[in-house]
Each structure stands twice: as C-alpha cells, then as structure tokens.
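Enquirer: Okay, handing you the structure first.
The values are calculated or read from the model by the stated rules, or taken from the named source; none is laboratory data. Computed from a prediction, not measured in an experiment: that's the story for all the values here. Here the Cβ is made from the backbone with ideal geometry for all residues, glycine too, and neighbour counts use every protein chain on show.
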Amino acid sequence: RALAGVERSDEAARLPAFARALFAAYWAEDQDVTTDAVIGACATTAGLDAAAVIARIDAPETKAQLRATTDEAVRRGAFGAPAMFVGEVLFWGNDRIPLLEQYLATR
C-alpha cells in the first residue's frame, strides 16, 4: 500500500530507498507500516515528502492501481508477502532476499 503512493509519482526514483526503509521498519524493527507515522518516517528517510506520499496513498487512482497489482500478483502465483518476481520466477519471503540477489547477480 505505501509503495503504491510513490510508484506512480514523479519521485519514483526514490522507490528503492523507500522500499528498503519500509522493509527494515517492518521486518527488522517490528513497526506497523500501515500507520501514517511509520510511512511518513520511512518516506523522510528515503528523501521523500512524507505528507505528499501519505496523500497519494489514499487517492482513488492509487487504490485502483494497488487492487490491479494485487490481482496480477495472485494470478501469477503470489500467496503472501513479500513476493517478488523476476520474469516468471517467484521469490517469496523476507528470508529469500539473499537468493533473489544471487539470482539477479547471475543474470
């Protein structure tokens, strides 16, 4: 949900930094990444305008895009989060990120 607020904006180049901040907040620090406070802090860490990111998250077009992306992920076989695809190859789970990195390094 939070990533969708940046993905389709003019700040999309900061998406990797924002994603890393959200992953760290959720998976390493056990923070609730559904709250505006945590989303805002992660946005700031990534060099984004926190208020603008939070406003875009709640925009109807962002919600529609998130629904479409979720439907596509389920159609492709995703069954939980985090789920990451490289082509048709699915990597599921935070513990699979090193495998994903290795896979990308050999491509």
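Enquirer: Mind checking which residues of the stretch 16-38 are aliphatic (A, V, I, L, M) and farther than 24 Å from Phe85 by Cβ?
Expert: Ala37, Val38
Enquirer: I'm checking my understanding of the structure. Among residues of the stretch 1-32 that are free of Cβ contacts under 8 Å to residues at least 12 places away in the same chain and part of a loop (DSSP other than H, G, I, E, B), which one is farthest from Ile97 (Cα to Cα)?
Expert: Among them, the one singled out is Asp10.
Enquirer: Would you check which residues across the stretch 44-63 are crowded, with 16+ Cβ neighbours inside 10 Å and either part of a helix (DSSP H, G or I) or polar (S, T, N, Q) (or both) and list them?
Expert: Listed by number, the residues that qualify are Thr45, Ala50, Val53, Ile54, Arg56, Ile57, Thr62.
Enquirer: Can you tell me which of (1) closer than 23 Å to Tyr103 by Cα; (2) assigned to a helix (DSSP H, G or I); (3) within 13 Å of the chain's Cα centre (by Cα) is the one Val74 doesn't meet?
Expert: With (1) closer than 23 Å to Tyr103 by Cα; (2) assigned to a helix (DSSP H, G or I); (3) within 13 Å of the chain's Cα centre (by Cα) applied to Val74, the lone miss is (3).
Enquirer: How many residues does the stretch 77-107 contain that are of a type outside the set (Lys, Arg) and assigned to a helix (DSSP H, G or I)?
Expert: 11
Enquirer: Of (1) under 20 Å from Ala17 (Cβ atoms); (2) not assigned by TED's automatic domain parsing to the domain that holds Tyr26, Trp92 satisfies all except one. Which?
Expert: (1)
Enquirer: Looking at this structure, is Leu99 surrounded by 15 or more Cβ atoms within 10 Å (Cβ to Cβ), farther than 23 Å from Val33 by Cα and among the aliphatic types (A, V, I, L, M)?
Expert: Against the criterion (surrounded by 15 or more Cβ atoms within 10 Å (Cβ to Cβ), farther than 23 Å from Val33 by Cα and among the aliphatic types (A, V, I, L, M)), Leu99 does not qualify.
Enquirer: Looking at the stretch 81-92, which of its residues are closer than 19 Å to Val33 by Cβ and at pLDDT 90 or above?
Expert: Listed by number, the residues that qualify are Ala83, Met84, Trp92.
Enquirer: Go through the stretch 71-88 and report how many residues are under 17 Å from Ala4 (Cα atoms) and either surrounded by 14 or more Cβ atoms within 10 Å (Cβ to Cβ) or in contact (Cβ under 8 Å) with a residue 60 or more places away in the chain (or both).
Expert: Qualifying residue count for the region: 5.
Enquirer: On to the next question. Got a sec? Which of Glu11, Glu29 is touching a Leu at 6+ places or on another chain (Cβ under 8 Å) and not aliphatic (A, V, I, L, M)?
Expert: Glu11
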